[in-house]
Structures are given as C-alpha cells and as structure tokens.
Amino acid sequence: MDGNVTHHRPRGATRPALGALSGLLAGYTALTVAELASAAVRPESGPVVAVGGAAIDRTPPAVKDWAIRQFGTDDKLVLQLGILVVLSLLALILGMVANRWRLVGSFGVLAFGGIGALAATGRPDSTGAIDALPSLAGGVVGTALLYWLTGRLEASIGPAAARDFGESGSGWDRRGFIIAATAAAAASTGAGVLGRSLNGSQVQNAVASRKDVVLPAPSSKAAPTPRGAALRINGISPYVTPDADFYRVDTALIVPKVDATTWKLRIHGKGVSRELTLTFADLLKLPLIERTITLTCVSNEVGGPYAGNARWIGVRLADLLKRCGVEPPSKGGPADQLVARSVDGMTIGSPVEDVMDGRDAMLAVGMNGQPLPFVHGFPVRMLVPGLYGYVSACKWIQDIELTTFDAYDPYWVKRDWARRAPIKTQSRIDTPKPFARPEAGTVMVAGVAWAQHRGIDKVEVRVDDGPWQEARLAAEDTRDTWRQWSYAWQATKGSHTLTVRATDRTGTTQTAKRTPTVPDGASGWHSVVVTVD
Ligand SMILES: Nc1nc2c(c(=O)[nH]1)N[C@H]1C(S)=C(S)[C@@H](COP(=O)(O)O)O[C@H]1N2
Ligand SMILES: [Mo]
C-alpha cells in the first residue's frame, strides 16, 4: 500500500498549486471578514486602510513628493492596489507553506492579522484597542480556513473510502476541499458585499446631510471680481479654479464622510476663558463672510499644479476665538499656536497671531457657491490666507486647541516640515507647455503668480539669457488671490527657454535660488523650453 499513499494525494504540481489556492482563499476570506468587522467598528480600522495609512504616516517627505509626482491624486489608489498585490503574493506563499507545515502556514495568516491590528491601533485617529478587532477577526477566520483546507489535501483516505466518494484513484478529500473552498469563496463574497453596504449606510447619512445644507447669504460678500482679473488666453489657469480641477492633498485613504447633523467643533485650551462647542447649525447662524482665497500646498514644486483659487464662505475665525476669550500673543495671550484636529486624526498648527491679525482666516463651509465637497473637507475646514495648507487648512475639522509651539508639534512638523510656513512668492508659466512647438511670430506666454496676503506687484519674463521684460498683469482681485499675467513674445525659430519671476508688494523679487519643497516650500524660477518652428 506504500505506493498508494502518494497515489492518494493530488499529484505532481497539483498539490502545491492547491496549497497556494488555499492560501489565496484564506487570505481573501480574512480580508473580507476584516472588512465586514470594520463596518461595525470604523471603516478606517480595516487592515488595508490601516496598513496604508501607517505607510503614509511613515513615508519620508521625499518619497511622498515622488509618489505625488508620479501618480498625482491617484497615489492612494496605487498604494492600496500595491498592498493588495503584496498580500495576495504572501497568501499564495503561506498556502504553499501550509501545504507542507500545516500549523506554521496557517498561523502565518494570524500573524498578518496581528500586523493589521497593530497598524490600526497605532493610527493617529485610532479610537482604541477596538480598532484591532477587524484584523484579528480576519486573521482567526483565515487561519482556521487555511488549516481546514490544507487538511483536506492531507486526508489520506483509503481506496475504499475514496471509492465511496466516487473518486477512484485519488485518496485526498477532493470533495471536502471543493465544498469548503466554494463555501469559503461564497461566504466571504457575501461578507464583503455586506461590509460594503454597511459602510455605505454611514456614508449615505453624510451624503444626505450635505444635500440638505442651505448656505445662508453671507453678511459680508466678496467684492465682485474686478473686470480684467480673468484673462482670455488659451491654456492659462482659469482665475477661479473649478472644483473638479482643484488640487487635493491629504493623507486620507478613505475620504472622511462626516454627517453634518451630528458634527461638532470644540474650541478649548490655553487662554480660553469660555470653552465653546458648536454644531453645524450653530455655525450657519453666525455672520458669514465670503472671500476669494488662493490655497497653495508646500509640496508644490516650482511650476507644479498644487495651487487653486476658490470663492469660500465661512465664519471669521478670529471672532469665534474672541468669543472664547482668546487674545493673540501680541496682546498678552498665552497661546501662540492654534492646533486644528480633523476627524481623521490630522493635526495642523497655525500661528494665533496670523489668525487674529485681521486677515480673513475662516472656518469655511462653502466653496464656489456650494457646501464644501467631501474631498475638500465637508462640513467645515479652516483657511488662513497667506499660509501653506499644511499649517492652516485643516479639512474635516472637529477640534481647535490653543497651545504653544513649544508644547506641541503637529503631524507634518513631526515629519521634518517647518513649524511656521508663510507662502513663498511664486510664478508659473501655464502656456506654452514644456516642449511645445509654437509657430514663429507672436506667441502668448501666460500664467499665474501668487504671494498670498502680500500681493503681486510685478511679473517679468525672460527669453533665454535676454533682459527681463515686464509682463502684463491682470487686475488684482485681493492680495489673498493669485494674479494672471501674460506676455506677447515675438518668437523666432529655434529652441528657447522662457523664464518667469514675480515681485510681491513688499518689493521682494522671487529668488532664483532653488530649494526643495521640504521643509518650508520650494523656491526658484519656473522655466519652460520650447522649440519654435
Ligand atoms: N484633515 C486633513 N486636512 C488637511 C490635510 C490632510 O492631510 N488632512 N492636508 C493639508 C494640506 S497639506 C493641504 S495643501 C490642504 C489641501 O487642501 P485641498 O485638498 O482642499 O486642496 O489641505 C490641508 N488640510
Ligand atoms: Mo500641502
């Protein structure tokens, strides 16, 4: 009968392949069970989102910038797909291991569940040990399933039993394996679908609450955009950026979907004599201001796309702070840093002095006439004209704490970025595009320049190493907005380098010195090389 032992098991390459398949099924089941459990706990506690988030938290700025450059706003999709590919490979390997060493391979699944659990509880927005549950539940179910499935491969049933199963010549429990595998696939698909739809109901409440928002008319309207602020030139960035084109930069793998009807904001901390908790309805009852403000990301390379201009509606932040008894440091207030916290655990620190110096710092509820889009921070986000987004523009805000720069480092500061980061004066050539081939003759060179809260006074263009020529500036809306500019270039045949630089209202001309985005924003001139035919 010795010969029969090998004969009774799946033969040749079949058995490792079935082992690998078992691993994949176990991994898939583990993930869907975890997904289902995360619907009960919090969507962010699921293993893929938790591991992805932990990876984002630990990504050095240079790699983060590279990922944004390579994949743009799809960077997070790429990350999640990458995690799924790696997990699939690991599951295949664990299955093959379990095929030889059943316990070792099976408990490998639990080990990965443990990694997911650690990642979930270690996230800044973790609500505690409960966040470990989805990954652990997935790990336990996956381990049991892999143990069971590989057991079917081992079952050395005698020829008689095999005959009873109607499977002459193959003594492994083929029928048991097929039934278990099919049941696992079906059950986990069901669990996955259920998990999605449960997560979906929380999302539906948020979507409904956004639909129900009626933005009151602002008591202080933005001055109408002056005629001549928007130039009509092909290829130039529109003066107001449409929502769909407005850049998005954040660490959220799942865009937070906050229900405005249950949302609250708390203001507390050093120098707060009257703590305040506001609902969304409370906020909408306060006087609203409408302002056009250009927002810029510190991760924007010279010439890069991470700047956008929108018309925002919101509550003046300084008024709320005064209501709480807060004084700026220049008037003896004890807090010099305002830390905003979001529902996804982001922390963003702004100078209290800047927020209260009279500029239009606000808690924004509207963008371009609509409630904030979810990706831009619904229901409420902060904005401070003149400061990069990472030190001012907290989306999905839920808490404001008055503290000091000495006492607390927010998220990005812990990751090498500067504590204080006013926006650097910048200018960008939107058209012609790099390596364009315009015809000789008049070529419109045009773009935008920004120096929020200082204002742009001059933009100059240089062709090759020629003299700086003053560009035509579009009318200024406010000093918190970017300005379009254009220059009619008499282009001659050949290859040419076009360079732009701006001068802000303090009289300072944009520096030629190139610095990287880390720690406080890129500097240097933007150039474009074109070939004139
Ligand atoms: N909650 C949260 N708010 C955030 C961020 C984030 O990662 N999470 N990123 C900040 C950064 S770096 C920038 S530049 C702006 C971008 O705002 P936008 O995505 O609406 O353009 O949001 C800021 N607010
Ligand atoms: Mo940013």
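Accessible surface computed residue by residue for region 426-532, with neighbouring protein chains in place and a 1.4 Å probe, gives 43 Å² per residue. The relative contact order of region 14-207 comes to 34 percent, based on Cα pairs under 8 Å that sit 6 or more residues apart. 3J(HN,Hα) couplings calculated from phi for region 210-221 with the Karplus curve 6.51 cos²θ - 1.76 cosθ + 1.60 (θ = phi - 60°) are, in sequence order, 6, 4, 7, 5, 10, 6, x, 5, x, 7, 10, 6 Hz; Gly and Pro show x. Sort region 19-66 into rounded, prolate or oblate with this rule: let a ≥ b ≥ c be the square roots of the eigenvalues of the Cα gyration tensor; rounded if a/c is under 1.5, and if a/c is not under 1.5, prolate when a/b is larger than b/c, oblate otherwise. Verdict is oblate for region 19-66. For residue 285, the lysines whose Cα comes closer than 22 Å to its Cα, not counting residues fewer than 8 places off in the same chain, are 211, 221, 264, 322, 395. When +1 charges are put on Lys and Arg Cβ atoms and -1 charges on Asp and Glu Cβ atoms, the dipole computed for region 427-533 relative to its Cα centre reaches about 140 debye. Between 195, 418, 362, the Cα set farthest toward the positive side of the dipole of the chain (charges on each charged residue's Cβ, about the Cα centre) is that of 195.
Volume per residue for region 239-338 equals 165 cubic angstrom (convex hull of Cα atoms).
Quick check on region 14-207: take the gyration tensor over C-alpha atoms, sort the square-rooted eigenvalues as a ≥ b ≥ c, and tell me if it's rounded (a/c under 1.5), prolate or oblate. Taking the square roots of the gyration eigenvalues as a ≥ b ≥ c, region 14-207 is prolate.
Remark: spin-label model distance residue 63-residue 408 equals 2.8 nm, labels positioned 7 Å along the Cα→Cβ axis.
Inter-part distance, region 286-320 to region 449-467, computed on C-alpha centroids, equals 22 Å. Candidates 427, 396, 438 compared by Cα position along the dipole of region 395-460: farthest toward the positive end lies 438, with charges placed on Cβ. Against the main long axis of the alpha-carbon atoms of the chain, helix 75-100 sits at an angle near 20°. Apply the a/c threshold of 1.5 to the C-alpha gyration tensor of the chain and tell me whether it is rounded, prolate or oblate. Note, shape of the chain comes out prolate. Between amide H atoms placed 1.01 Å from N, distances below 5 Å from residue 292 occur with 312, all of them 5 or more places distant or on a separate chain.
Note on residue 331 and residue 101: their simple-model spin labels are 6.9 nm apart, each label 7 Å out from Cα toward Cβ.
Database remark: amide H of residue 491 closer than 5 angstrom to the amide H of 441, 442, 443 (H placed geometrically; neighbours at sequence offset of 5 or more, or on other chains; Pro and chain starts carry no H). Dipole check for region 1-149: with +1 at the C-beta of Lys and Arg, -1 at the C-beta of Asp and Glu, and the Cα centre as origin, the magnitude is about 500 Debye. Paramagnetic label reach from residue 514 (point 7 Å along Cα→Cβ; backbone nitrogen cut-off under 19 Å): within region 448-491, residues 462-466. Taking all Cα pairs closer than 8 Å and separated by 6 or more residues, the relative contact order of region 386-472 comes to 25 percent. Using alpha carbon centroids, what distance separates region 343-359 and region 468-517, in Å? Answer, in whole Å: 30.
Couplings 3J(HN,Hα) of region 341-358, computed from phi: 10, 9, 5, 9, x, 5, 10, 9, x, 10, x, 4, 4, 5, 5, 10, 8, x Hz, in residue order, whole Hz [Karplus 6.51 cos²θ - 1.76 cosθ + 1.60, θ = phi - 60°; x for Gly and Pro]. The slack in the chain from residue 270 to residue 203, taken as 0.36 nm per residue of separation less the alpha-carbon distance, amounts to 20.6 nm. Think of the chain as a dipole: +1 on every Lys or Arg Cβ, -1 on every Asp or Glu Cβ, centred on the Cα centre; then among 56, 30, 469, 30 lies furthest on the positive end. With a cut-off of 17 Å on the backbone N, the residues of region 509-533 near the modelled label site 7 Å out from residue 464 along Cα-Cβ are 528-533. Just the number, please: Stokes-Einstein D of region 243-415 in µm²/s, Kirkwood Rh from C-alpha pairs, 20 °C, 1.002 mPa s. Taking Rh from Cα pairs, D becomes 133 µm²/s. For an R0 of 56 angstrom, estimate the FRET efficiency from the Cβ-Cβ distance between residue 144 and residue 433 and round to the nearest 0.05. My answer for the efficiency is 0.45.
Cα centroid separation, region 95-140 to region 387-442: 37 Å. DSSP assigns beta bridges within the chain; of those with both partners inside it, close to 95 percent run antiparallel. 3J(HN,Hα) couplings calculated from phi for region 373-381 with the Karplus curve 6.51 cos²θ - 1.76 cosθ + 1.60 (θ = phi - 60°) are, in sequence order, x, 3, 5, 9, x, 3, x, 9, 9 Hz; Gly and Pro show x. Length available on full extension from residue 527 to residue 375: 0.36 nm per residue minus the Cα-Cα distance, which gives 51.6 nm. Relative to the longest principal axis of the Cα atoms of the chain, helix 14-40 runs at roughly 50 degrees. Across the chain, the longest piece that holds none of the chymotrypsin sites (Phe, Trp or Tyr not before Pro) lying in DSSP loops with up to 13 other C-beta atoms within 10 Å covers 102-434.
Quick one: compute the contact order of the chain, relative version, from alpha carbon pairs under 8 angstrom and 6+ residues apart, as a percent. Value for the chain: 13 percent.
Counting only Cβ charges, +1 for Lys and Arg and -1 for Asp and Glu, the dipole size of the chain around its Cα centre is about 320 debye.
Each stretch of four or more DSSP H residues adds -39500 (n - 2.57); spread over every residue of the chain, this sum gives -11500 deg cm²/dmol at 222 nm.
Within the chain, which is the longest segment that contains none of the GluC sites (Glu not before Pro) sitting in a DSSP loop with at most 14 other Cβ atoms within 10 Å? Result for the longest clean stretch: 1-274.
With the simple model of a label 7 Å out from the Cα in the direction of the Cβ, residue 248 to residue 497 spans 3.7 nm. Residue separation of residue 212 and residue 282 scaled by 0.36 nm, minus their Cα-Cα distance, works out to 23.7 nm of gained length.
The values are calculated or read from the model by the stated rules, or taken from the named source; none is laboratory data. Small disclaimer: the values here were computed from a predicted structure and weren't measured. When we count neighbours, we look across all protein chains shown, and the Cβ atoms used for this are built from the backbone with ideal geometry, even at glycine. To get the accessible areas, we keep the full protein, side chains included, count just its heavy atoms, and leave off ligands, DNA and RNA. Shrake-Rupley method; radii C 1.70, N 1.55, O 1.52, S 1.80 Å.
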